[in-house]
Amino acid sequence: MLLAQSHLYPSLNLGADASRNRMTLVGSQPLPADFNPTNSDYRVGLRASYELDLWGRYRHGANAARSELLATEYARATVRTAVAAESARAYFGLLAADAELALLRDTLKSREQTLALQNDLYQAGIIGDYDLQRGAGGTRRRHGQPRGCRTRGRYLRIGAGGDPRAFAARSIRRQD
């Protein structure tokens, strides 16, 4: 972000340089005796520049960088929200499957009790073969349903990446 805005401000460059030269005393033109053949040169320079942004190229570039940063932050927040929503959906789906399984188990238990009662009535001679078989058929037909409900709950756990109840039991801190 700061790099995108750097062109909006003046540029300053500071430089320093030092050099040392030695001239020979032997040559076609003799040098005076009091002449120092060593020469030291020191330089310090400061350069300032600023480019006028007449057409807004740098200003628009900085705005584009800011917009891109905000879009990335919103995309991250969107992904977090989607993950939280999917986890909640899987959790409540698992709770519904557990409730359905408990209801089916209770229903099966009630039907087994009814079948035991009908069997007692049959043994006593109060009901006939037809009534006994009709009650037994209803119990056998319902007996397969809890297994399907357990399978659905297992698929929900796998799809959620583990048991969502354990995930929801932990305290969740929001990271900003």
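The values are calculated or read from the model by the stated rules, or taken from the named source; none is laboratory data. Predicted, not measured: the structure shown is a model, and the values here were computed from it. With ideal geometry, Cβ positions are generated from the backbone for all residues, glycine too; neighbour counts draw on all protein chains shown. Heads up: the accessible areas ignore ligands, DNA and RNA and are worked out on the full protein's heavy atoms, side chains in. Shrake-Rupley method; radii C 1.70, N 1.55, O 1.52, S 1.80 Å.
Each label point is 7 Å from the Cα along the Cα-to-Cβ direction; what then is the distance between the points at ASP98 and LEU31, in nm?
Placing both labels 7 Å along Cα→Cβ, they lie 9.7 nm apart.
Quote to one decimal, in nm, the extra length available between ASP120 and ARG89 on full extension: 0.36 nm per residue of separation minus the C-alpha distance between them.
6.5 nm
Mind grabbing the accessible area of ASP17 for me, 1.4 Å probe, Å², rounded to tens?
Counting only protein heavy atoms, the figure is 90 Å².
Could I have the simple spin-label model distance between LEU8 and TYR130, label points 7 Å from Cα toward Cβ, reported in nm to one decimal?
Roughly 9.1 nm, to one decimal.
Given labels modelled 7 Å from the Cα in the Cβ direction, how far is it in nm from ALA16 to GLU68?
The answer from the label model is 3.8 nm.
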